[in-house]
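Just so it is clear, none of the values below were taken in a lab; they were calculated from the coordinates. None of the values given here were measured: they were computed from a predicted structure. Glycine also receives a Cβ, built like all others from the backbone with ideal geometry; neighbour counts cover every protein chain displayed.
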Amino acid sequence: MSDYNTNIAYVYDGSFYGLLSCVYASFYQREIPTAIYRDDDEIGILFPVKEISTDDVAAQKVETSIVSKICQDALMLVYRCYLSNIDNRELVILHFLRLGYRVGAKVVDMLANEVVHIITKASRRVGGEAHAYKGLLRFSEYNGALVAVIEPVTFVLPLLAQHFCDRFPSEQLMIYDKTHKHIFVYQNNERHLFPLEKLELPPADADEEMYRALWRRFYETIAIEGRINPKLRMGNMPKRYWAQLTEMSGHPNCDAVE
């Protein structure tokens, strides 16, 4: 790889296909960028910066080659790492793929390798948070639509979208990611994911407040007072999720343990 240009940085639009377009450019232009920035990042590097436009055809070729030349699990690792919040995740993905193309499917088991360890850890964190939200996410009804607001650490919204569309195929759904300023909308079998700076919801109507009260009453009724253990609860359900749970709204144990 000594003939590869490393005195360069890439900037892309932040999309997954934009990142795969960077991977394509790296191979076919014989470059290994020192950094890969999103177009809304602050660029702090003295090397020349090259803007990589998203090329759907090139990105699809990379996506197909990951599965055929490495394995399906490698593609999952790449996508979940992309959704993570780790530093320099784009470079981690690029170096993981360069290694994967050389050694094939066994790359996913090479946990002693630093890059493989990092991407695997990032993927597990994203998968774990997505799994948690599949059980913890609470919808409220507004004008016939089911709406939920989440504040995840990682960008799990694309993973949740598929799950809840499969669960509620005949409903109108909206899930707003307050952390990453994106909203997912599912209506009439059409799915849309787009950026949204702020979501302002109207006050809950009487029916919605009644259902919330019924859910809180059910939650409190099945609880066994002698077995309430805030520390164990925090282990099973991290406290950062509590404010988004209907049953914990105004609950005296919400602030019991830090």
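Some notes on this structure:
- Residue-wise HN-Hα coupling along the stretch 44-59, computed from phi with Karplus coefficients 6.51, -1.76, 1.60 (Hz; x: Gly, Pro): x, 8, 8, 5, x, 10, 10, 7, 9, 6, 5, 10, 4, 5, 4, 4
- In the chain, excluding the sites themselves, the longest stretch lacking any of the trypsin sites (Lys or Arg not before Pro) that are in a DSSP loop with at most 14 other Cβ atoms within 10 Å is 31-180.
- Along the stretch 84-94 the Karplus relation, 6.51 cos²θ - 1.76 cosθ + 1.60 evaluated at θ = phi - 60°, assigns HN-Hα couplings of 7, 10, 6, 5, 6, 4, 5, 5, 4, 5, 4 Hz to successive residues, with x for each Gly and Pro.
- For the stretch 117-243, the square roots of the Cα gyration tensor eigenvalues, ordered a ≥ b ≥ c, give a/c of at least 1.5 with a/b no greater than b/c, which places it in the oblate category.
- Kirkwood Rh in Å, taken over the stretch 9-128 so that all alpha-carbon pairs contribute: 14.3 Å
- Computed [θ] at 222 nm, deg cm²/dmol, the chain (DSSP H ≥ 4; -39,500 (n - 2.57); rounded to nearest 500): -13500 deg cm²/dmol
- Working from Cα pairs under 8 Å separated by at least six residues, relative contact order for the stretch 139-202 is 28 percent.
- Largest mean-square fluctuation among L77, L232, L193, in a Gaussian network model of the chain whose springs join Cα atoms under 10 Å apart, belongs to L232.
- Taking L159, L111, L214 as the candidate residues, the one with maximal mean-square fluctuation in a Gaussian network model of the chain, Cα springs under 10 Å, is L214.
- Built amide H within the under 5 Å cut-off of Y37, gap 5+: Y10, V11, Y12
- Relative contact order for the stretch 131-258, counting Cα pairs under 8 Å that sit 6 or more residues apart, in percent: 21 percent
- Extending 7 Å from the Cα toward the beta-carbon at both Q29 and N188 defines two label points whose distance is 4.1 nm.
- Violating pairs (Cα-Cα greater than 31 angstrom) within the set K69/K239; K61/K106; K50/K134: K69/K239; K50/K134
- Computed label-point distance, nm, for sites N236 and N88 using a 7 Å Cα→Cβ extension: 4.0 nm
- For S15, no residue has an amide H sitting under 5 Å from its own, ignoring neighbours fewer than 5 places away on the same chain, with H placed 1.01 Å from N.
- The relative contact order of the chain comes to 12 percent, based on Cα pairs under 8 Å that sit 6 or more residues apart.
- Applied to the stretch 149-157, the Karplus parametrisation 6.51 cos²θ - 1.76 cosθ + 1.60 on θ = phi - 60° returns per-residue 3J(HN,Hα) values of 10, 10, 9, x, 6, 9, 8, 8, 3 Hz, with x for Gly and Pro.
- Max mean-square fluctuation residue, GNM over the chain, Cα-Cα springs under 10 Å, options H192, H180, H117: H192
- Theoretical gain in end-to-end length, N229 to D41 [0.36 nm per residue, Cα-Cα removed]: 63.4 nm
- At q = 0.08, 0.10, 0.12, 0.17 Å⁻¹, base-10 log of I(q)/I(0) for the chain (Debye sum, equal scatterers on each alpha carbon): -0.42, -0.63, -0.84, -1.31
- Close amide H partners of H182, meaning residues 5 or more places away or on another chain with modelled amide H under 5 Å apart, are D177, L196.
- Across the options V107, T154, C165, the greatest Cα extent toward the positive end of the charge dipole of the stretch 95-176 (unit charges at beta carbon of Lys, Arg, Asp, Glu) belongs to V107.
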